[in-house]
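The values are calculated or read from the model by the stated rules, or taken from the named source; none is laboratory data. Quantities reported herein were computed from a predicted structural model and do not represent experimental measurements. Note that we place each Cβ from the backbone using ideal geometry, even for glycine, and neighbour counts take in every protein chain shown. Accessible surface areas use protein heavy atoms only, side chains included; no ligands, DNA or RNA. Shrake-Rupley method; radii C 1.70, N 1.55, O 1.52, S 1.80 Å.
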Amino acid sequence: MSRKNNLKTNLKLLTLFAVVMLLVAGCGGQKQAAQPKEATSQKEVTLKVATLIPPMTDVLDIVKPLLKQDGVNLEIVVLSDNIQPNNALAAHEVDANFFQHAPFMQQYNESNKSDLVAVKPIYNAIYGAYSKKYKNIKDLPEGATIAIANDPANTGRSLVMMEQNGLIKLKEGVGYNATQADIIENKKKFVFKEVDLLMLARSLDDVDMAAMYPAYAKPLGLTPKKDALITEKDDTHFAINLVARKDNADSDAIQKLAKRMTGPEVRKFFEDNYKDSVIPAF
């Protein structure tokens, strides 16, 4: 009888132990199931992007809330000249910049031994030359003073535009690397005054014509299609790019930014607000 009671007691203990083990296993399974959820939760990444003026700042303002949905906090850093954004990017003070075309970036890389990379072309800015004194390029007098940008990439661009429109002739083959020394024919003896890119709009009162980007012409109430005396024949070579560094250009956050900057919201913004001066490059 005692042995039977012991057997029953042992069976009860074994059953109780089995129940406890099942409960423990169930709790453990729940914890394991919760772990992947915690592992997949993404921490928000902050991305600093340097820029200058509209429409560049506008584009970044548009994509900022969209990037928030992608887990990216976009911090827009507005700087005051066209040297600081590249310096800040090269020094790892920002993660990307948005203000320049590839030739300008390449010129910076060569001068500073840096490794900036064009990630994505965003838009083509219609380059043109404007005048407050004359309405037609044929009215530009002999010896007229024409203001052009003083950095090598934009100096060459300006001179090529002048050649495309029959104002001058350049040495064969110099292309966008042209300088004033490459002018071989200047029948009307135009004087080319090299000015800082950001000062071209202000120089318009003091010269007969100035070559500039639509972003600088717009505050003056000027657009290339309506007001420019001449415009560039092909601007695809100078598309304004999102630029990063070689070490971060392929990062998830930069690629998400590039995708949003070439999305339908940005295209619509250009079409609604800049159709006379900007052509989307995507």
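Quick notes on this structure:
- Pairing each residue of the range 178-192 that is surrounded by fewer than 11 Cβ atoms within 10 Å (Cβ to Cβ) with any residue that is among the aliphatic types (A, V, I, L, M), provided the two are 6+ apart or on different chains, yields C-beta distances under 7 Å for 185/168.
- Answer from 96, 118 - the residue that is in contact with a strand residue (DSSP E or B) (Cβ under 7 Å, 6 or more places away or on another chain), under 19 Å from residue 176 (Cα atoms), in the same structural domain as residue 62 (by the TED database) and in contact (Cβ under 8 Å) with a residue 12 or more places away in the chain: 118
- Residue selected from the range 194-210 under the condition assigned to a strand (DSSP E or B) and within 20 Å of residue 104 (Cβ to Cβ), by the criterion most open to solvent (accessible area, probe 1.4 Å): 194
- Boolean, residue 268 is surrounded by fewer than 16 Cβ atoms within 10 Å (Cβ to Cβ), on the phi > 0 side of the Ramachandran plot and more than 16 Å from the chain's Cα centre (by Cα): no
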